[in-house]
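Have a look at the structure below before the remarks.
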Amino acid sequence: MTQTTQAPTKTAVGSAAARTRWLQDNGVYVAVGVLLLFNALFTANFLTLGNFTTQLVQAAPVLIVALGMALVIGTEGVDLSVGAVMALAAAIIPLYLGAGPLVAITMALVVGLLAGAFNGFLVARVGIQPIVATLALLVGGRGLALVIADGQLVQLHDETFLALGTGDVAGIPVSVLIAGLLALVIAGLTNRTTFGRQLVAIGGNRKAATLAGLPVNRVLIGVYAITGVLAAIAGVLATSRLAASDPADMGLLMELSAITAVVVGGTPLTGGKVRVLGTVFGVILMQLVRATLIKHNLPDSIAQMIQAAIIIAAVYVARERR
Amino acid sequence: ETPTTATSEGPAASAAQNQSAGPGCARSKTGYPQIDLKGAVVGFSQSEKEANPFRTAETQSIRDEAAKRGAELLYTNAQSDLNKQISDIKSLIDRGAKLLIVAPLNSDGLQPAFDAAKAKQVPVVTIDRKVSSQPCTDYLTFIGSDFVEQGKRAAQQMIKATGGTGKIAILLGASGNNVTVDRTKGFKDGIAGTPGLTVVAEQTGEFDRSKGQAVMEQLIQSNPDITAVYAENDEMGVGAVTALKAAGKQPGKDVKIVSVDGTRNAVQLLVDGSYTGVVESNPRFGPLAFDTLEKFGKGDEIPNTIVISDDEYDSTNAAQKLANAY
Amino acid sequence: MTATLTKATPTMAARTKVLQRQGAAVALVLMVAVSWLVFPRFGSLDNLRDLALQGSFLAVIAIGMTFVIITGGIDLSVGSVYALGGVLAAWGSQYGFLVALALPLVVCGLIGLINGLLIARTNMAPFIVTLASLLFARGLLLVITDEGANTYQIPADSAFVELGRGTVFGFGYPIFVAAVLAVLGGMVLNRTNFGQNVFATGGAEQSAVLLGVPVAKTKVLVYTMSGTLAGLAGALTAAYLQSGVTVIGVGLELDAIAVVVIGGTLLTGGMGTVLGTVIGVGLIKVIQNVINQIGTLDSNYQSVVSGVFLLIVVVLQRILRR
Amino acid sequence: MPTEIPSSPVIEVAGVTKTFAGVQALRDVDFTLQRGEIHALVGENGAGKSTLIKVLTGIHTPDAGRITRDGHISTIYQEVNLVPLMSVSANLFLGREPRNRFGLIDRARRDADAAELLRGYGITADVSSPLGTLAVGEQQMVALARAVAAEADVVIMDEPTSSLEPREVETLLGVVQKLHEEGIAIIYVSHRMDELYRICDTVTVLRDGVNVHSGPLKELPRIELVSLMLGRSVKEIENHGTTAFGEDHHADAEPVLEATGLTSKPRINGVSVAIRPGEVVGLAGLLGSGRTETAKAIIGALPIDGGTVLVAGTPVPRTVKAATRAGISMLAEDRKTEGIIPNLSVRENIVLAALPRLSRFGVTSRSKQDRIVDTFIKRLRIKVSSPEQKVAELSGGNQQKVLLARWLCTEPRILLLDEPTRGIDVGAKAEVQALIDELAREGLAVLLISSELDELLDGADRLVVLRDGSVAGELEGDQLTREHVLKAIAAEVTDDSDHASTH
Ligand SMILES: Nc1ncnc2c1ncn2[C@@H]1O[C@H](COP(=O)(O)OP(=O)(O)OP(=O)(O)O)[C@@H](O)[C@H]1O
Ligand SMILES: Nc1ncnc2c1ncn2[C@@H]1O[C@H](COP(=O)(O)OP(=O)(O)OP(=O)(O)O)[C@@H](O)[C@H]1O
Ligand SMILES: [Mg+2]
Ligand SMILES: [Mg+2]
């Protein structure tokens, strides 16, 4: 029963390790670059301003949701209810649009805040695991939205409100601008504030964070509330772009898109780390993948399989080594 | 054969015609008991949430007609879950339904439910979607549109509107859905004889407005020369209008849009001039379904397939028929 | 004195523990009793048979999910794999019973195996790996069915149909399949070394490695199992429906996760029972059935009621556990 | 089997090197374990002991070098590595469960065997309850029982006694002796000199990942061993005693902390402790006597059924946050699950509790953080490659120092230290002890929990002895002797004998 282990030669290991480490941190940027290059070469009319605007506009709501999702994932949680919250926000808009767009938007955001805070309460105070706690709202939330809207899609005509979806500031679409600003705010929040650092500490080791006297419950409720508000913002923007309140389909499967983007962007699902820029690029990557598949007119079957492969490849590169 | 007049929804276009050439189905053949509609318990199994105009109108039509004829209506909704629809139907029978109207979620897979109905001698009328089981034995008859025909009519509208030349993008319905398959087939067959029309892209918009819009936005960027869009339901068509406008196109003029359904939103766009044509998919099954059950009860022969007549909207008639849209 | 005290405490603790563990069972018994009283038809043999049959397909999937979740993982692919299994079985039925049964088991098992290998060998998060295979399995299904245009029918007289439609005392075969699998699953989990490894892997992965538990192998096995069982459930469903319906299984993964969690299995891993899962299936199906019994409920309210109910069950369970 | 020393090695290591992300943990290490010997492996925190062990057992693959193993190795790792949610008996027999004739696990027999086995280690806990409900020390004993029962040729113990009480240490040393008699070779890692000299034959000293000495232990004077470990001259070290505590402190008259009647069934029952500023109060007691619970109850981390906590006469609300704000800090016993945030850097771990103080309007100040972190890394001599290194990559002892720093930078008035020197090497231990001393002199009130009696006797001005969750006695001044404490702790055992009780 004698075993002898001979170690591999050292130098090869060292440089390879450095390379994988670099890829791990920057994989998502590389992937976006590669995809851009591919499209520039093989996709007709790709390099136009209009096209880039389209991609950004489509990505904006996903990004806004993904930013919140990144925070939740940073606390070692997950929020499955974001799509339902978008639907709730969409259902609220027509109810209050009569009183002016500002009122309608405020009400939608308040509902998002309440929904998020409710999730946070379940997770932090009642101690229910995030997936299940938010699953309840995923199941019930959309139903509630449909009840509020009486199951109907409502065409919207308020010009000011619709401008959110179609207007631009200095050539930049309003929704893209908002998404960009929110990305900056969330980046600042995670990296520069007590709240942000406490958030990752809680995700890293909740018991230790509690014993260190951190306001664990407050932070958790705060994080879910922020996520709820962000989802509501995304719901408002998507609604205005659609020019209709459509609670049946608004944000359907958004939770999975957002989680995918966050994870592809290098934020581990195990918590304790939030990568905001990575999330932004994760969203862009998934958007480009979808665009590429549509533009090359691939059938749905192949498109789904290619998406699966790309998700695996991106996460494989960015995974944490043991 | 019998054109029914006025449903609660206004002037109905729900004339029916017997399309089956073979022998019909009579009660004597099945040995089912006679049931008087008045006071009878009728079960209705809806397939998905009433979250789109078609389903809303469909359910409402059945409810109204049941009330009108003094039948007691039991209602279930399968929430897009096939297994749930099977238990729904079983539970309707269990709760005492003597007659059944089923809007199948899918063409296949309802056999266990039909078997249960057969065992209890409950006649089943399926509406809006034809199932692959045996008429007269597994179920009584099917009342609904011919989806392939709808596709063909959309193709004809398209040919007329484009003058027979153009590049078409198709916004497909949800993958794996028979409606998608049939409407695609009908449309492609319909344009087959017109070499000037080519399909440059076909992508799924999952019957959803925002997905339709998103896909259209992508397609119009990569294929700016698209001159026509065939959307397999109105919602995607309306989404496409929004996308085209945002891309600086004039839908209805630069880009012709034809879709299937007949919802108020689409017909309104047609009135406004940003749409080209709509082929109706008539959801008002109530009168026909109850007529059929009544006739069956009386002992008349029922055809295997009853096609509900679908209207058509184009720029010439949209304004006057707007009230008909649902 | 001390002796009696120390003796008394454990039994009392044991008693409360039983109550805590069986929280879901208590809820189920209450639910059934109330439904029976309120809705006379609930207790009819036909209704109960249908309830059991509907539950059996979900139960087969959820048993596999229980193992996965106890290892601290999650399998989002089961819904798609289930649908794929059904299509494969229907296609295979033209070559006889054996092919119809074996083909879905092998292919779906393989998808599970790939899930397991990716998760165990590359340290990628189960959530994301199985999310990708959710897409992949759907894509594959669409390829096989010509983008969903083909639905394979199973001849009504084939022996395979009997597997789904046959009954003993009116109770369908799938119920017995699920029951046998539940008993086997419980036995494997509690009475075999593999089962212990499953607990150890989920309870403390690092420690399990140091304790000599074959963690990677265990993970590969549970995902393979989950895939195979989802395929089996699909095959049973196809036999029952007499066709390989393509549109089934959407969102089924969430149902499976919900019942496992309702059954008391910890989503963080390390703890759980197959019996609990079966009880969870019972609860969900009874709720659905009761919503149907009410009959007049607007379809939009149905999801609200389901969501609220899910919430009540998990909150109750959480409170009992304290 | 009698002890004969055959000279064939069971483990032979040649030229092993292991590097972690920039840190060279082992450098060209040679190491030989002879059949049947007890080999001490010593060195400062972060010297590479645990790494060497993990290389030996195959957990880590070395970058270079050759390892030859002959026989089965069984290991007790430094941090308890069992599965808390599984039952005690399942943990004990994981991987070699007793089977019935159908090949299924025989649970009744497993429980019976486990209970039987553990009785030999003085543990009477319910073997079917989850392991996590046992105290850390008891878990350590379970790990020991498991390792020993595995019938190995080599047993490796990485700081097995760091969370054990004197009584359990005796049990453990007894077990080691028995294994030795059976001819099993043992690698024994510990920072406790007494134990090493009592049982070990040979010693290997690691310093900064290098093997600086291997040879017989008995011939090596204690002071020389320490000098080898620290890399300092013998003279420098001679100035230190066994512990680095100074003389008694001058405490104020009024207690800053008054905890009265703390009760949390069933763990503690009416415990009262008062500490004055500048005073170090020790908490003594057997494993499971409720010391950790007392500390946790004081800081609000344990729900209590009764009792009050006053800081400077004002009641403190029952949350950790409120207690922290009132000036109480606690260094938790289990640094892995209750201390470090593994993903975060050393800097972030240190400033964690003090963040609000280092921020303005919720926005953190990096420069303030860096200043504090630098100060503490220097003051506590924390061995890091940079403050931005992940704390999980530090050695156990250095992690402990990071946690101490975390609490010190909150500038507390009352410091609860639960096993502050657990797993800390001699050098660092002296530093920590000196630090406690200094803090007390600066006016801090310190509650010191330690399983090392010497540390308590030297460090504390007053001792509160716990037994079964209640105060069994208080010792002060002259009474602070080994005998008095042992008597108070073990009253239960000695009650029947003719020894007098403490008070
Ligand atoms: N997984 C790891 N990643 C990075 N660095 C590591 C890792 N494990 C150990 N190290 C580093 O290797 C060095 C040796 O650590 P090791 O745990 O072997 O020390 P030790 O001698 O056991 O110390 P202690 O007495 O504190 O337990 C330390 O500098 C430590 O930071
Ligand atoms: N989580 C828990 N659940 C149930 N019992 C526990 C738990 N933690 C500790 N105990 C029990 O409570 C008693 C007191 O444990 P505690 O950890 O306070 O002892 P201690 O005096 O601090 O000993 P040490 O810290 O040296 O291990 C022990 O009998 C232990 O088994
Ligand atoms: Mg160590
Ligand atoms: Mg303790």
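The values are calculated or read from the model by the stated rules, or taken from the named source; none is laboratory data. These numbers were taken from a predicted model, which means no experiment stands behind them. Note that each Cβ is placed from the backbone with ideal geometry, even for glycine, and that neighbours are counted across all protein chains shown.
Brief remarks follow.
- As for the range C:41-62, it holds no residue that is β-branched (V, I, T) and within 10 Å of another protein chain (Cβ to nearest Cβ).
- Residue match in the range D:64-76 (condition: surrounded by 23 or more Cβ atoms within 10 Å (Cβ to Cβ), in a helix (DSSP H, G or I), away from ligand 4 (no atom under 16 Å from the Cβ) and within 14 Å of chain C (Cβ to nearest Cβ)): no
- Answer from C:A132, C:A102 - the residue that is part of a helix (DSSP H, G or I) and more than 28 Å from C:L267 (Cβ to Cβ): C:A102
- Residue in the range D:445-458 that is surrounded by 24 or more Cβ atoms within 10 Å (Cβ to Cβ) and within 16 Å of ligand 3 (Cβ to nearest atom) present: no
- Put simply, of C:A125, C:A149 the only residue that is over 24 Å from B:N177 (Cβ atoms), of a type outside the set (V, I, T) and either at pLDDT below 95 or surrounded by fewer than 19 Cβ atoms within 10 Å (Cβ to Cβ) (or both) is C:A125.
- Every condition in (1) of a type outside the set (D, E, K, R); (2) touching a Ser or Thr at 6+ places or on another chain (Cβ under 6 Å); (3) more than 14 Å from chain A (Cβ to nearest Cβ) is met by B:N77 except one, and the failing one is (3).
- Restricting attention to the range D:282-317, the residues that are away from ligand 4 (no atom under 16 Å from the Cβ) and buried (at least 17 other Cβ atoms within 10 Å of the Cβ) add up to 6.
- Residue under evaluation D:E452, criteria (1) more than 21 Å from the chain's Cα centre (by Cα); (2) under 30 Å from D:L228 (Cα atoms), criterion not met: (1)
- Subset of the range C:145-188 (residues that are within 12 Å of chain B (Cβ to nearest Cβ) and β-branched (V, I, T)): C:T145, C:T151, C:I154, C:V161, C:T167
- Among the residues of the range D:150-195, those that are within 16 Å of ligand 3 (Cβ to nearest atom) and in a strand (DSSP E or B) comprise D:I156, D:M157, D:D158, D:I187, D:Y188, D:V189.
- Residue under evaluation D:E411, criteria (1) over 20 Å from D:S163 (Cα atoms); (2) more than 16 Å from ligand 1 (Cβ to nearest atom); (3) in a helix (DSSP H, G or I), criterion not met: (3)
- Of all the criteria given as (1) surrounded by 24 or more Cβ atoms within 10 Å (Cβ to Cβ); (2) of a type in the set (A, V, I, L, M); (3) without any contact (Cβ under 8 Å) to a residue 24 or more places away in the chain, the one not satisfied by B:A119 is (1).
- Residue within the range C:70-77 that is free of Cβ contacts under 8 Å to residues at least 60 places away in the same chain and within 29 Å of C:N190 (Cβ to Cβ) present: no
- From D:V55, D:V88, D:V127, D:V83, residue being surrounded by 23 or more Cβ atoms within 10 Å (Cβ to Cβ), within 14 Å of chain C (Cβ to nearest Cβ) and within 16 Å of ligand 1 (Cβ to nearest atom): D:V55
- Within the range D:19-30, one or more residues are within 12 Å of ligand 1 (Cβ to nearest atom), in a strand (DSSP E or B) and at the interface with another protein chain (Cβ under 9 Å from one of its Cβ atoms).
- Within the range C:128-143, the set of residues being more than 9 Å from chain B (Cβ to nearest Cβ) and surrounded by 17 or more Cβ atoms within 10 Å (Cβ to Cβ) comprises C:I128, C:V129, C:T130, C:L131, C:A132, C:S133, C:L134, C:L135, C:F136, C:A137, C:G139, C:L140.
- Conditions (1) surrounded by fewer than 24 Cβ atoms within 10 Å (Cβ to Cβ); (2) not in a helix (DSSP H, G or I): number failed by C:V245: (1)
- Among the residues of the range C:146-171, those identified as in contact (Cβ under 8 Å) with a residue 40 or more places away in the chain and either part of a helix (DSSP H, G or I) or of a type in the set (D, E, K, R) (or both) are C:A159, C:F160, C:V161, C:E162, C:L163, C:G164, C:R165.
- Unique residue being free of Cβ contacts under 8 Å to residues at least 40 places away in the same chain and more than 13 Å from every other protein chain (Cβ to nearest Cβ) when the list is A:V65, A:V34: A:V34
- Scanning the range A:106-163 for residues that are within 21 Å of the chain's Cα centre (by Cα), facing another protein chain (nearest Cβ under 7 Å), within 23 Å of C:Q317 (Cβ to Cβ) and not small (G, A, S) returns A:Q129, A:I131, A:V132, A:L135, A:L137, A:V139.
- Enumeration of residues in the range D:332-346 that are crowded, with 24+ Cβ neighbours inside 10 Å and either acidic (D, E) or more than 7 Å from chain A (Cβ to nearest Cβ) (or both): D:V346
- The set of residues from the range D:328-359 being part of a helix (DSSP H, G or I) and under 22 Å from the mean Cα position of the chain (by Cα) comprises D:R335, D:K336, D:T337, D:E338, D:V346, D:N349, D:I350.
- Among all positions in the range B:170-185, there is no residue which is buried (at least 22 other Cβ atoms within 10 Å of the Cβ), small (G, A, S) and outside any loop (DSSP other than H, G, I, E, B).
The rows are residues; the columns are (1) surrounded by fewer than 22 Cβ atoms within 10 Å (Cβ to Cβ); (2) within 20 Å of B:K130 (Cβ to Cβ); (3) not hydrophobic (A, V, I, L, M, F, W, C).
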residue	(1), (2), (3)
B:P53	no, no, yes
B:E58	no, yes, yes
B:D64	yes, no, yes
B:K68	yes, no, yes
B:E72	yes, no, yes
B:A78	no, yes, no
B:S87	no, no, yes
B:L92	no, no, no
B:L99	no, yes, no
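- Residues in the range D:424-444 that are over 24 Å from D:S50 (Cβ atoms) and among the acidic types (D, E) were compared, and the one that is surrounded by the fewest Cβ atoms within 10 Å (Cβ to Cβ) is D:E442.
- Identity of the residue in the range D:379-423, farther than 28 Å from D:A284 by Cα and crowded, with 22+ Cβ neighbours inside 10 Å, that ends up farthest from ligand 4 (Cβ to nearest atom): D:I382
Let's see how each residue does on (1) at the interface with chain A (Cβ under 10 Å from one of its Cβ atoms); (2) part of a helix (DSSP H, G or I); (3) within 20 Å of A:G140 (Cα to Cα):
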residue	(1), (2), (3)
C:D255	yes, yes, yes
C:M271	no, no, no
C:I279	no, yes, no
C:Q302	yes, yes, yes
C:V314	yes, yes, yes
C:L320	no, yes, no
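- Qualifying positions in the range D:58-108 - more than 16 Å from ligand 2 (Cβ to nearest atom) and among the acidic types (D, E): D:D63, D:D70, D:E97, D:D106
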